[in-house]
Amino acid sequence: MRWTLRWRSSAEVADLFHGPEDPEWAADRDLIADELQDPWQRAAQAD
């Protein structure tokens, strides 16, 4: 199977954002590391 990628219009994805909110989002949001990091520095440290 071959995948073809293309941008979707906002009308095509609008249904994804309808419906109830995720009740666990407030707690989950705090689990995401939100500080800025340099991925190149992190890769260099791993070597």
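Each reported figure results from applying straightforward, stated rules to the coordinates on display, with no laboratory input. The structure presented is a predicted model; accordingly, all values stated were derived computationally and were not measured. Cβ sites come from the backbone with ideal geometry, for glycine too, and all protein chains shown count toward neighbours.
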Problem set entry | Prolate/oblate/rounded call for the chain, Cα gyration tensor, a/c under 1.5 rounded | oblate
Problem set entry | Two-site label geometry, Ala43 and Arg8: point separation in nm, points 7 Å out along Cα→Cβ | 3.0
